[in-house]
Amino acid sequence: MTSGPGAGEHLRDLVRLRRVRDRIDREYAQPLDVEALARGAHMSAGHLSRQFRLAYGEAPYGYLMTRRIERAMALLRRGDLTVTEVCFAVGCSSLGTFSTRFTELVGMPPSAYRDQSAAATAGMPACVAKHVTRPIRNREAPLAVPFVS
């Protein structure tokens, strides 16, 4: 493996990208946009978006929305909040955008998810329910069911 002048910059970019991802994970409910994330990482928005996609397989905004939807799923499973309350609790400012993205990732609207998930995860520890109900990102293939003869 060779290291040149570009290798040091690449490593610095990776550290910055990890900090951006960590910030999204921590502050998903705050009003975040790519420009603000880029400023915090001392990068341009375009460079951040390109490098983030290369490193993590999706754009920063897509990653942020997936985090928000994951948290929304947990709140909806509790069953004590309305879809609108959940939408705003996870940092989305548009119920329409939230519902559309939720449906894309989960495969059903948030209200249907709330109604169905309560029974589906009843008695399941929260950590198991979170893993079982995790939304699919990056167009991941669903887990294959083993062939039983």
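Below is a table of values for the structure above.
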item	result
Cβ-defined net charge surrounding residue 26, 11 Å radius [Lys, Arg +1; Asp, Glu -1]	+1
For residue 22, solvent-accessible area (1.4 Å; no DNA, RNA or ligand), Å²	50 Å²
Residue 50 accessible area, 1.4 Å probe, all protein chains in place, Å² to nearest 10	140 Å²
Separation of the residue 97 and residue 22 label points, Cα + 7 Å toward Cβ, nm	2.7 nm
Net dipole in debye of the range 1-108 [+1 Lys, Arg Cβ; -1 Asp, Glu Cβ; about Cα centre; nearest 20]	220 debye
Gain upon complete extension [residue 71, residue 7; 0.36 nm per residue less C-alpha separation]	19.4 nm
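The values are calculated or read from the model by the stated rules, or taken from the named source; none is laboratory data. Remember, predicted model here, so these are calculated numbers, not experimental data. A quick note on method: Cβ atoms are made from the backbone with ideal geometry, for glycine too, and the neighbour counts reach across all protein chains shown. For the accessible areas, the whole protein counts, side chains as well, though only heavy atoms, and no ligand, DNA or RNA atoms are used. Shrake-Rupley method; radii C 1.70, N 1.55, O 1.52, S 1.80 Å.
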